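Below: one structure, written as structure tokens.
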Amino acid sequence: MTASAAHTPDRRAVPAATAGDYLALMKPRVMTLVVFTAFAGLVAAPADMHPFMALAAVLAVAMGAGAAGALNMAYDADIDAHMRRTRLRPVPSGRIAAAEAYGFGVVAALLSVALMALATGWLAAGLLAFSIFFYAVVYTMWLKRRTPQNIVIGGAAGAFPPVIGWAAATGTVGLDAVILFAIIFLWTPPHSWALALYKSGDYAAAGVPMLPVAKGAAETRRQIMVYSLLFVAMALAPLLTGLGGLVYGAVAVAGGALFLLLAWRVFRSRAGEAGSAAEGALYAVRAGDKCARDLFAWSIAYLALLFAALIAEHGFGLAWPLAGGV
């Protein structure tokens, strides 16, 4: 055997990439939430949009979200390989090369921005381009490995979709679009830190300074409570502007009360004290960490319900205004 042959990786040990691997590269679960909130912003905006152009705008958002996910996965392959919940992703497992993931992400990003510009105009396209850049560069390459506030600042990337949808429909960004941005921005820390509490061992092994690793579980539980209060308060803001009606109000109040109850349980618990001791799936946790798992799960459902209520009110004629709307 020659020296060069001895250093050639055995490609037979790694199965060839499939269409499913390229779909996984785009983080379809994250993409689904991004598309859903962008669609809600588009529907709730006070403007009529041609269905074909609306479909093109939603497709552009989906492509942009997938592009950002691919770029994130390519850059993070080294740390993903050390985390149980990410080590089987296409790039760290070797099924897709990092260079291919970068190329896929860049091409998808360019196509998504071009499609948005053609379908709606340059404001929505510019916001889409900036959100991809923010997630792939500002959050992934700069913040994630350097500061425990990575999620707080980086959360802006995930908060742009409803603003993009609003801009696609109206060509402007108004107060209600900013409120939708703020709702997701304030939702991100308690959502992400709840996961980080019961998966802190993964982040520690990968050297990622998530809040439980850098500041401890107690401080994380305290900040989850603070941000939960801010988030639930902001979720009520659409009732003040008239963007949300009775349906939205019922979801916001009842769901927000449950969110705060779950956050209080986490605050009063010792979740995260023993790190991540559970093997297996994302939701496999120690008994002491189940309150954090419950908050994480409800946070996804609650955000989805809030935006579903806006779609129901503005898209299906269920917008019964509240007397106090302004």
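Scanning the stretch 219-240 for residues that are surrounded by fewer than 22 Cβ atoms within 10 Å (Cβ to Cβ) and either free of Cβ contacts under 8 Å to residues at least 24 places away in the same chain or in contact with a Gly (Cβ under 6 Å, 6 or more places away or on another chain) (or both) gives Glu219, Val226, Ala233, Leu236, Leu239.
When residues in the stretch 116-144 are screened for being buried (at least 17 other Cβ atoms within 10 Å of the Cβ) and part of a helix (DSSP H, G or I), 18 of them pass. Based on this model, can you work out whether Leu111 counts as in contact with a Gly (Cβ under 6 Å, 6 or more places away or on another chain) and either part of a helix (DSSP H, G or I) or within 14 Å of Ala70 (Cβ to Cβ) (or both)? When the stated conditions are applied, Leu111 does not pass them.
Filtered by the rule that a residue be surrounded by fewer than 22 Cβ atoms within 10 Å (Cβ to Cβ), of a type outside the set (Gly, Ala, Ser), touching a helix residue (DSSP H, G or I) at 6+ places or on another chain (Cβ under 7 Å) and at pLDDT 95 or above, the stretch 40-62 gives Val43, Met53, Val58, Leu59.
So, Ala65, is that one in contact with a Lys or Arg (Cβ under 8 Å, 6 or more places away or on another chain) and at pLDDT 90 or above or not? Here the answer is yes, as Ala65 does meet what is asked.
A Cβ distance below 9 Å, combined with a sequence gap of six or more or placement on separate chains, defines the contacts here; from the stretch 241-260, residues that are touching a residue at least 12 places away in the same chain (Cβ under 8 Å) and over 20 Å from Ala44 (Cα atoms) reach no residue that is of a type in the set (Val, Ile, Thr) and not in a helix (DSSP H, G or I).
Count of the stretch 73-90 residues, restricted to those that are of a type outside the set (A, V, I, L, M, F, W, C) and in a helix (DSSP H, G or I), is 3. State yes or no: is Gly154 part of a helix (DSSP H, G or I) and in contact with a Phe, Trp or Tyr (Cβ under 9 Å, 6 or more places away or on another chain)? Yes; evaluated as a whole, the condition is true for this residue.
Given the criterion part of a helix (DSSP H, G or I), over 30 Å from Arg84 (Cα atoms) and out of contact with any helix residue (DSSP H, G or I) (no Cβ under 9 Å at 6 or more places or on another chain), identify the matching residue among Ala254, Ala250. Checking each option against the conditions leaves just Ala254. Residue count for the stretch 294-316 under the criterion of being of a type in the set (Asp, Glu) and more than 22 Å from Pro46 (Cβ to Cβ): the result is 1.
Contact map, the stretch 179-200: residues that are assigned by TED's automatic domain parsing to the domain that holds Val30 paired with residues that are of a type in the set (A, V, I, L, M) and surrounded by 22 or more Cβ atoms within 10 Å (Cβ to Cβ), Cβ distance under 8 Å, separation 6+ or inter-chain. No pairs are found.
The values are calculated or read from the model by the stated rules, or taken from the named source; none is laboratory data. All values derive from a computational prediction rather than experimental measurement. Backbone-built Cβ (ideal geometry, glycine too); neighbour counts: all protein chains shown.
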